[in-house]
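Some notes on the structure that comes next.
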Amino acid sequence: MEEESMEEEGGGEAMMDDQNHNNWGAGGYGRHLLGERLLPPAGPARPAGPEHNGAGLRGCEPGAAAGRAGAAGAIAAINISASTSKFLMNVITIEDYKSTYWPKLDSAIDQLLTQSPGDYIPISYEQIYSCVYKCVCQQHSEQMYSDLIKKITNHLERVSKELQASPPDLYIERFNVALGQYMGALQSIVPLFIYMNKFYIETKLNRDLKDDLIKLFTEHVAEKHIYNLMPLLLEAQSTPFQITPSTMANIVKGLYTLRPEWVQMAPALFSKFIPNILPPAVESELQEYAAQDQKLQRELIQNGFTRGDQSRKRAGEELTYNGSSACASSRGYR
């Protein structure tokens, strides 16, 4: 009887052992591993019944816990995979950039470079800005900047060749059109690429996009034509109204913007449109200034320009009066 009771007690302990021979009852190992709420407190053995047939412990077995952890891990992996796929769908590869994004930018730049003042351009500035933004975010700034410089350089080289083929009587006017058209295009191109300028050109190259594009016009157009253009400008200056004053002013101011040292080629010409080019006037040279003004008036009269009815003035006073008044007014901008 004692042996049978010992076997029964031993069997009871065996029922509480798992496959790794860990005692889940009196030893308290299961309570430490799974927590107090998952295991009932140790006590006398209770009779087996439907509610005590081990079903309560079945969900707390290591295999079941591992199954739930595996399911949760699979769900998390699916979510991560879905988000990764969504991100990868938005990635712009270099092939996407060359085949989809840059052609849109290329077409818009073409239209901006060739537009005339007041023309309507059927492009979406929002779409172009969005293309630039996406390409910068996808690390294509360097390629986009290189393509932009190459695109504008090729355009300016064509402009330069067209100017070289222009006859002298149209040379000044065509240079003025090319300069004005390019500077007008920059007012649209630079804002469209402002994101690239801020996060690539200014940050990594320590330059500014507008300065770079102005430098392109200087190198590929103005430098190649300055020595042909300047003699024509001086000749036009000596012949009143050979070209309109607005054209002369636009060209002179534009050349000064491109390269201020070109003032030394014709200081007198630049001084008519750019303040503080010549040294200050001195009292000892007032007579010389008056003589220059009188000479200009004679030339205007010889070319048919009159000042209207001068009958109320005494003879001989016209040049003297006009010379002194013009001298006083001309000193204001010297």
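Here the condition is being within 29 Å of Ala249 (Cα to Cα), out of contact with any Gly (no Cβ under 8 Å at 6 or more places or on another chain) and part of a helix (DSSP H, G or I); of Glu157, Glu142, Glu202, it holds for Glu157 alone.
For the range 188-222, the set of residues classified as of a type in the set (Asp, Glu) and free of Cβ contacts under 8 Å to residues at least 24 places away in the same chain consists of Glu202, Asp208, Asp211, Glu219, listed by residue number. Within the range 177-200, being over 15 Å from Ile214 (Cα atoms) and of a type outside the set (Phe, Trp, Tyr) holds for Val177, Leu192, Ile194, Met196, Lys198. Just to be sure before I move on: is Thr218 over 21 Å from Tyr129 (Cβ atoms) and open to solvent by 10 Å² or more (accessible area, probe 1.4 Å) in the structure I sent? So Thr218 does not fit the description; no. The selection criterion, being buried (at least 18 other Cβ atoms within 10 Å of the Cβ), in contact (Cβ under 8 Å) with a residue 40 or more places away in the chain, among the aliphatic types (A, V, I, L, M) and within 24 Å of Ala266 (Cα to Cα), does not hold for Ala185.
I want to confirm something. Restricting to the range 92-126 and keeping residues that are assigned to a loop (DSSP other than H, G, I, E, B) and of a type in the set (A, V, I, L, M), which single residue is nearest to Ala178 (Cα to Cα)?
Checked the range 92-126; the qualifying residue nearest to Ala178 (Cα to Cα) is Ile121.
Mind checking whether some residue in the range 180-189 is among the β-branched types (Val, Ile, Thr), part of a helix (DSSP H, G or I) and within 19 Å of Tyr101 (Cβ to Cβ)?
yes
Residues in the range 240-298 that are in a loop (DSSP other than H, G, I, E, B), farther than 24 Å from Ala178 by Cβ and touching a Ser or Thr at 6+ places or on another chain (Cβ under 8 Å): Ile277, Leu278. The sole residue among Phe193, Phe175 that is over 24 Å from Glu95 (Cα atoms) and among the aromatic types (Phe, Trp, Tyr) is Phe175. Sub-9 Å Cβ pairs linking a first residue in the range 278-304 that is farther than 19 Å from Ala236 by Cα to a second residue that is open to solvent by 90 Å² or more (accessible area, probe 1.4 Å) and of a type in the set (Lys, Arg), at least 6 apart or interchain, number zero.
For the range 105-113, check the following and say yes or no: at least one residue is at pLDDT 50 or above, open to solvent by less than 50 Å² (accessible area, probe 1.4 Å) and among the polar types (S, T, N, Q).
At the first step, the residues of the range 105-113 found to be at pLDDT 50 or above are 105-113.
Then drop every residue that is not open to solvent by less than 50 Å² (accessible area, probe 1.4 Å), which leaves 105-106, 108-109, 112-113.
Filter once more, so that each one left must be among the polar types (S, T, N, Q): none.
No, the range 105-113 contains no residue that is at pLDDT 50 or above, open to solvent by less than 50 Å² (accessible area, probe 1.4 Å) and among the polar types (S, T, N, Q).
Output yes when any residue across the range 136-155 is surrounded by fewer than 16 Cβ atoms within 10 Å (Cβ to Cβ) and over 18 Å from the mean Cα position of the chain (by Cα), and no when none is. The answer is yes, given that some residue of the range 136-155 is surrounded by fewer than 16 Cβ atoms within 10 Å (Cβ to Cβ) and over 18 Å from the mean Cα position of the chain (by Cα). Among the residues in the range 161-173, are any under 15 Å from Ile149 (Cβ atoms) and more than 9 Å from the chain's Cα centre (by Cα)? No; the residues of the range 161-173 include none that is under 15 Å from Ile149 (Cβ atoms) and more than 9 Å from the chain's Cα centre (by Cα). Within the range 206-215, take every residue that is of a type outside the set (D, E, K, R) and closer than 15 Å to Leu148 by Cα and give me the one that is surrounded by the fewest Cβ atoms within 10 Å (Cβ to Cβ). Ranking the qualifying residues of the range 206-215, first place goes to Ile214.
Looking for whichever is open to solvent by less than 90 Å² (accessible area, probe 1.4 Å), of a type outside the set (S, T, N, Q) and at pLDDT below 80 here; the options are Glu299, Glu283. Which one fits?
Details: Glu283 fails: open to solvent by less than 90 Å² (accessible area, probe 1.4 Å).
Being open to solvent by less than 90 Å² (accessible area, probe 1.4 Å), of a type outside the set (S, T, N, Q) and at pLDDT below 80 holds for just one of Glu299, Glu283, which is Glu299.
With respect to being open to solvent by less than 90 Å² (accessible area, probe 1.4 Å), of a type in the set (S, T, N, Q) and in contact (Cβ under 8 Å) with a residue 24 or more places away in the chain, Asn250 fits the description.
The values are calculated or read from the model by the stated rules, or taken from the named source; none is laboratory data. What you see is a predicted model, and the numbers here were worked out from it, not measured in a lab. Note that each Cβ is placed from the backbone with ideal geometry, even for glycine, and that neighbours are counted across all protein chains shown. Please note that ligands, DNA and RNA were not included when accessible areas were found on the heavy atoms of the full protein model with its side chains. Shrake-Rupley method; radii C 1.70, N 1.55, O 1.52, S 1.80 Å.
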